[in-house]
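The values are calculated or read from the model by the stated rules, or taken from the named source; none is laboratory data. For clarity, every value in this text was computed on a predicted model and none was experimentally measured. As a convention, Cβ positions derive from the backbone with ideal geometry for all residues, glycine included, and neighbour counts pool all protein chains shown. SASA here: full protein model, heavy atoms, side chains in, ligands and nucleic acids out. Shrake-Rupley method; radii C 1.70, N 1.55, O 1.52, S 1.80 Å.
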Amino acid sequence: FVCGVAILPAPQNLSVQSTNMKHLLMWSPVIVPGEIIYYFVEYQGEYESLYMSHIWIPSSWCSPTEGPECDITDDVTATVPYNLRVRATVGAQTSAWSTLQHPFNRNSTVLTPPVMEVTKDGFHLVIKLEDLGPQFEFLVAYWRREPGAKEHVKVVKSRGIPVHLGTMEPGAAYCVKVRTFVKAIGRHSPFSQAECVKVQGETLPLTLALFAFVGLMLILVVVPVSVWKMGRLLRDSCCPVVVLPDTLKITNSPQKLISCRREEVEACATAVLSSEEPFRAWI
C-alpha cells in the first residue's frame, strides 16, 4: 500500500518457451480477487536496445491480453537478441514493468523431428509431413531394408501433402526417417525414428493377364482381316467386275458366229419368199 492505495504487483517469473520456431513468453499470473487482469507485452530488437533504448514496441497480439502468456513468434523476426517486458493492469491500476532476465534469441529454439506418415500407394513409397511453417525444410532419408543398402536423401518443402519418394520392389521393405532444417538460424533437428513399410510380392492379377491376352489375340486377328477387307474394297471400287448377260456372251469363235449368222439370214429369206407365193396365186 502507498498512501492507502493498493499497488498492483508486477508479473513474475518471465520465461520463453520456444519449439520449432514458435516462441511463447510466459509469466506467473497476477491475482486480484473478483477482477480481470490484463497484461501488456513490449519488446526491443537489437537496434532499439543499442541505439534507442527508450523505445519499446507493443507486441502484435498481446497488447493487451488476458492470459499469462503471449505468442511473440510474429514479433521475433530476426536472429538477434530481443528484450521483453510485461506489466499488468486492472481498472486504473498499473503495475511496474517486469523484464525478461536474459534477452531471447530465436536461434535457441528447440527443433524436433516432424510428425510423419509413411504409406505405400501400389509400388510407390509415399510420405506425409507435419506442417511446421514456411521456414522449414525437411531432409528425408529412405532406403531398402537390407544389409549394405544405399541411403537416399531427398529435400522436401511441401507441407501437409503426400510426397512420392521412390518406387519399391515387390516383396521388399523400405524405411524412412526425417529431420527438419531451418535456414534462418542454420540449424537442423535430430532424425526421427525410422518407420518401415513392406510391399507384398504382388503379381499381375490373373483376370488382368487374361484380358491382356484376349486383347492381343483380337489385335492379331482383327488387324489382318481389316487390311484384307480394305484391299478388296479398294480393288472393287477402282476395277469393278461387270457380269454380262448370257445373250451377250460369245461362246464360239467369231468366224463360226459370222457363218452361223449368214445361214440364218438365208433361211429367213427363203421362208419369206415361200409365204408370198400363195398371195401371188390368188391375184
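Is it true that some residue in the stretch 115-122 is within 18 Å of residue 185 (Cα to Cα), of a type in the set (A, V, I, L, M, F, W, C) and under 33 Å from the mean Cα position of the chain (by Cα)? Please lay out each step first, then the result.
So the first thing to find is which residues in the stretch 115-122 are within 18 Å of residue 185 (Cα to Cα), and the list is none.
Looking through the stretch 115-122, none of the residues is within 18 Å of residue 185 (Cα to Cα), of a type in the set (A, V, I, L, M, F, W, C) and under 33 Å from the mean Cα position of the chain (by Cα).
Can you tell me which residue within the stretch 62-73, out of those that are part of a loop (DSSP other than H, G, I, E, B) and over 13 Å from residue 45 (Cβ atoms), is modelled with the lowest pLDDT? Give the steps one after another, and end with the answer.
Of all residues in the stretch 62-73, those part of a loop (DSSP other than H, G, I, E, B) come to 62-64, 66-68, 72-73.
Now drop any that are not over 13 Å from residue 45 (Cβ atoms), which leaves 62-64, 66-68, 73.
On the way: 62: 94, 63: 90, 64: 94, 66: 94, 67: 93, 68: 97, 73: 97.
This residue is 63.
What is the one condition in (1) more than 38 Å from the chain's Cα centre (by Cα); (2) not assigned by the TED database to the domain that holds residue 41 that residue 98 does not satisfy?
Evaluating residue 98 over (1) more than 38 Å from the chain's Cα centre (by Cα); (2) not assigned by the TED database to the domain that holds residue 41 leaves (2) as the failure.
Taking the stretch 158-172 only, how many residues are at negative phi and within 13 Å of the chain's Cα centre (by Cα)?
7
In the stretch 76-94, which residues are open to solvent by less than 10 Å² (accessible area, probe 1.4 Å) and part of a loop (DSSP other than H, G, I, E, B)?
Answer for the stretch 76-94, where residues must be open to solvent by less than 10 Å² (accessible area, probe 1.4 Å) and part of a loop (DSSP other than H, G, I, E, B): just 76.
Scan 114, 134 and give me the residue that is assigned to a loop (DSSP other than H, G, I, E, B) and in contact with an Asp or Glu (Cβ under 7 Å, 6 or more places away or on another chain).
Numbers: 134 fails: in contact with an Asp or Glu (Cβ under 7 Å, 6 or more places away or on another chain).
Just one listed residue meets the conditions, 114.
In the set 166, 160, 122, 133, which member is loosely packed, with under 11 Cβ neighbours inside 10 Å and in contact (Cβ under 8 Å) with a residue 24 or more places away in the chain?
On the way: 166 fails: loosely packed, with under 11 Cβ neighbours inside 10 Å; 122 fails: in contact (Cβ under 8 Å) with a residue 24 or more places away in the chain; 133 fails: loosely packed, with under 11 Cβ neighbours inside 10 Å.
That would be 160, the only listed residue that is loosely packed, with under 11 Cβ neighbours inside 10 Å and in contact (Cβ under 8 Å) with a residue 24 or more places away in the chain.
Name the residues in the stretch 102-111 that are buried (at least 18 other Cβ atoms within 10 Å of the Cβ) and part of a strand (DSSP E or B), would you? Spell out how you get there, then give the answer.
Narrowing the stretch 102-111 to residues buried (at least 18 other Cβ atoms within 10 Å of the Cβ): 104, 106, 109, 111.
The one that is buried (at least 18 other Cβ atoms within 10 Å of the Cβ) and part of a strand (DSSP E or B): 104.
Which condition from (1) under 30 Å from residue 185 (Cα atoms); (2) surrounded by fewer than 19 Cβ atoms within 10 Å (Cβ to Cβ) is the one that residue 7 breaks?
It is condition (1) that residue 7 fails.
Can you pull out the residues in the stretch 136-152 that are exposed (fewer than 14 other Cβ atoms within 10 Å of the Cβ) and either at positive phi or in contact with a Leu (Cβ under 6 Å, 6 or more places away or on another chain) (or both)?
148, the sole residue that qualifies.
Which of the residues spanning the stretch 25-61 are farther than 19 Å from residue 9 by Cβ, open to solvent by less than 50 Å² (accessible area, probe 1.4 Å) and part of a loop (DSSP other than H, G, I, E, B)?
If the condition is that a residue be farther than 19 Å from residue 9 by Cβ, open to solvent by less than 50 Å² (accessible area, probe 1.4 Å) and part of a loop (DSSP other than H, G, I, E, B), then 45, 59 are the ones that fit.
Among the residues of the stretch 183-196 satisfying the criterion of being touching a Leu at 6+ places or on another chain (Cβ under 7 Å) and not in a loop (DSSP other than H, G, I, E, B), which is least open to solvent (accessible area, probe 1.4 Å)? If you could, list the steps in order and put the result at the bottom.
Initial filter on the stretch 183-196 (touching a Leu at 6+ places or on another chain (Cβ under 7 Å)): 187-189.
Checking the rest, the ones that are also not in a loop (DSSP other than H, G, I, E, B) come to 187-188.
Values: 187: 77, 188: 93 Å².
Residue satisfying both the conditions and the ranking: 187.
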